[in-house]
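The values are calculated or read from the model by the stated rules, or taken from the named source; none is laboratory data. Every value quoted in this text rests on a predicted model; they were computed, and no experiment measured them. All Cβ positions, glycine included, derive from the backbone under ideal geometry; neighbour counts span all protein chains shown. Please note that ligands, DNA and RNA were not included when accessible areas were found on the heavy atoms of the full protein model with its side chains. Shrake-Rupley method; radii C 1.70, N 1.55, O 1.52, S 1.80 Å.
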Amino acid sequence: MMIDGIEAINVRLPLLDDKGFYTVTIRDGKFTAVERQENFIVSPVHKPIGQLGFEELKTAAWLDMEGKAMLPGFVDAHMHLDKAYSLPWVRNRTGTLLEAIVNYRSVAPSFTKEVIRERIVKASLRAASYGSAVLRSHLDVPVHLGRDIAMRTIEAALEAREIVNGALDIQYFPIFYFDQAKEREWTDFAAEALRIGIDGVGGAPHLSPDPQASLAWAFKLATAFDKPVDLHTDESDDPSVKTIEVYCEHAERFGYAGRATAGHLCSLSAMEQDEAERLIARMAECGIAAVTLPAVNLYLQGRGDRGNVRRGVTRVRELLEAGVLVAAASDNIQDPFHPFGRGDMLQNGLMTAYAAHMAREEDIGTVLRMLTSIPAAITGVADYGIAPGNPARFVVLDAVSAEELLQELPAGRWVYNKAKWTFASRFSRSGFEAAMPEEAASPPRAVPTD
Ligand SMILES: [Zn+2]
């Protein structure tokens with residue numbers, strides 16, 4: 001049965017304020033009202049969400065969110081959906097970026113379109129089940145191994161997007177690799193990919209033998225097709241790697257402020273303070289956004305170090321303070337570039353809080369924005385957020401505060417997108433019950449205020 005509207009009471013909105021309760025109404029897939037309640041409401045007609053199975057949830061018009069947190073659907077601005085879950089086929093003994101690239105390339109030709117499509121579907125639906133509404137995925141397109149091998153990934157990606165379209169949105173940015181000797185082949189391939197539905201120009205200029213030419217070519221493509229640019233940038237421990245500087249020049253020259261994104265920026269963290277500050281100021285000036293990928297950087301970087309091992313994570317706090325948009329994202333999931341992860345943005349938030357030293361009470365809200373509104377702005381998602389008139393895409397999480405979201409990474413999540421509930425996961429722990437003496441009762445869990 002389809003229902004034409006939902007009224008949800010006792011909603012917490014940690015991005016708005018961490019104390020009050022709200023009533024949120026939805027009609028025709030859009031938020032129609034978000035109103036602060038005077039108090040926690042006890043209602044016999046609203047059904048407690050924690051007690052509903054998925055089928056009951058789908059038909060419930062009156063819901064009691066029981067003080068749980070609602071966030072706008074996460075935006076994971078940097079993933080590699082085509083590689084996700086490939087670890088059983090491709091290992092990485094040294095844990096270095098170089099071995100990951102070499103090993104993946106050695107088996108890439110053996111992955112059929114169907115296998116790649118299946119991995120994208122699995123990875124994107126998992127991410128959606130944890131609360132992601134929009135994903136931006138880079139794609140491996142090794143044209144030098146054969147145009148058909150590269151095009152197979154593009155086709156798999158476009159087909160997978162159609163399959164999961166009812167649950168979430170995906171943007172694709174293939175990692176175009178500039179090679180002077182094969183410029184024509186690469187340009188033809190990239191042009192076709194952009195014509196048939198690819199969203200933007202990706203790349204990794206710091207891995208190119210000629211980073212300058214690589215950046216110039218990326219912007220030539222992007223401007224010709226009027227597409228945004230999102231580049232793997234300076235994913236290296238070496239402080240002399242500074243392609244970000246040339247990236248800034250191009251973004252400025254072609255008026256790409258707000259449409260250019262730099263992922264990783266590892267070398268920035270290895271540089272001298274003055275130099276890092278200069279480049280951060282340039283990024284702010286040119287309107288280049290940053291995406292930090294803490295899990296993968298912690299895994300792949302610093303592999304040559306002994307003792308004081310560099311962590312590779314970029315200067316998140318300094319970038320934010322300079323006014324650069326900084327999102328946190330997944331990068332790789334269970335592949336040779338990163339054996340862990342599950343596409344859960346809260347996990348990325350927790351990694352960011354550790355790696356960027358952002359765990360003060362006031363930092364938690366920033367970390368949550370790095371998973372939601374900031375990547376929404378970076379990826380150009382319009383009408384984003386829990387506000388009247390916007391599409392209702394949100395996740396309800398079994399936590400009562402912003403801090404508890406990162407403390408508990410709650411398993412209980414209810415996801416709504418595209419005018420319907422798309423996923424629900426409940427979790428209750430039962431088992432040993434300790435008989436506590438009265439006087440030793442533990443302090444109450446955070447209780448509703450107001
Ligand atoms: Zn990446």
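Brief remarks follow.
- Each other residue within a Cβ distance under 12 Å of G50 adds +1 if Lys or Arg and -1 if Asp or Glu, for a net charge of 0.
- Based on alpha carbons, the Rg and Dmax found for the range 1-153 are 22.1, 65 Å.
- Pairwise centroid distance, computed over Cα atoms, of the range 318-380 with the range 223-296, Å: 17
- Among 104-111, 378-385, the order from most to least packed when residues are scored by Cβ within 10 Å on average: 378-385, 104-111
- Radius of gyration and maximum dimension Dmax of the range 247-373, Cα, Å: 14.6, 44
- Percent accessible area from carbon and sulfur atoms, the chain, protein chains only, probe 1.4 Å: 52
- Equivalent-ellipsoid semi-axes for the range 70-126 (Cα gyration tensor, √(5λ), whole Å, largest first): 25, 16, 8.
- Between the range 46-110 and the range 163-182, the alpha-carbon centres lie 18 Å apart.
- With a threshold of 25 Å on the Cα-Cα distance, the over-threshold entries among K122/K227; K220/K242; K113/K242; K30/K58; K83/K420; K58/K122 are K122/K227; K113/K242; K83/K420.
- For q = 0.09, 0.21 Å⁻¹, Debye-computed log10 I/I(0) when each Cα of the range 298-450 counts as one equal scatterer: -0.41, -1.53
- Note on K19: accessible area is roughly 120 Å² with a 1.4 Å probe, heavy atoms of protein only.
- The chain: radius of gyration and largest Cα-Cα distance (Dmax), Å: 22.7, 78
- Evaluated with a Cβ-only charge set (Lys, Arg +1; Asp, Glu -1), the chain carries a dipole of roughly 980 debye about its Cα centre, given to the nearest 20.
- Residues considered: E114, E321, E439. Largest GNM mean-square fluctuation over the chain, using C-alpha springs under 10 Å, is found at E439.
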